[in-house]
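Step one of this worksheet: look at the structure below.
Coordinate-derived values only; no laboratory data. Because the structure is a prediction, the values reported are computed rather than measured. Cβ: placed from backbone, ideal geometry, glycine included. Neighbour counts: every protein chain shown.
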Amino acid sequence: MRTRMRATCLMTFGIAVAMGMLVGGIALAQATWVDEIVNSVAFYKTNYPGSNWEPYQQSLTLVREAVSRGDQRIVRNEMGKFFKMLQGRAHGINDVAADELFNFALMVTPIQEFNIAVPAPAGGGF
């Protein structure tokens with residue numbers, strides 16, 4: 001009886017650990033796309049120091065926090081703002097950096113999952 005109880009406890013513990021890893025893995029995968037964009041912004045900030053990247057970084061911080069909380073509304077709104085800032089070259093960012101970052105963010109962001117409105121590029125199409 002005691003051996004059976006111990007086996008049941010170990011199996012329950014193993015299932016709990018596996019479930020924790022699965023849920024943690026999903027959260028990690030969702031955070032990864034935001035981290036990739038954050039790293040790209042840091043790259044462009046280094047290469048284009050005359051631009052004001054702070055508002056972009058602040059927006060992505062809000063997105064990262066919202067993803068970790070599962071707040072899809074904030075993710076949708078902030079990423080929509082982020083794309084609009086890039087499109088409008090808000091805060092004096094370089095045109096090349098804006099275009100490259102816009103395209104990269106568009107590629108890695110789960111647009112459909114969060115129902116993010118992406119503004120059409122100024123040229124009239126992708």
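Per-structure values
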read-out: Mean Cβ count within 10 Å, highest first, over the residues of peptides 45-58, 96-109; value: 96-109, 45-58
read-out: Relative contact order %, segment 31-114, counting alpha carbon pairs below 8 Å whose residues are six or more apart; value: 37 percent
read-out: Sum of side-chain charges, Asn47 neighbourhood, beta-carbon under 15 Å (Lys, Arg +1; Asp, Glu -1); value: -2
read-out: Spacing of the two label points (7 Å from each Cα toward its C-beta) at Ala42 and Gln87, in nm; value: 2.9 nm
read-out: Stokes-Einstein translational diffusion, segment 31-114 - Kirkwood Rh over all Cα pairs, 1.567 mPa s, 4 °C, in µm²/s; value: 103 µm²/s
read-out: Total formal charge among the other residues, if their Cβ is under 12 angstrom from that of Phe114, Lys/Arg +1 and Asp/Glu -1; value: -1
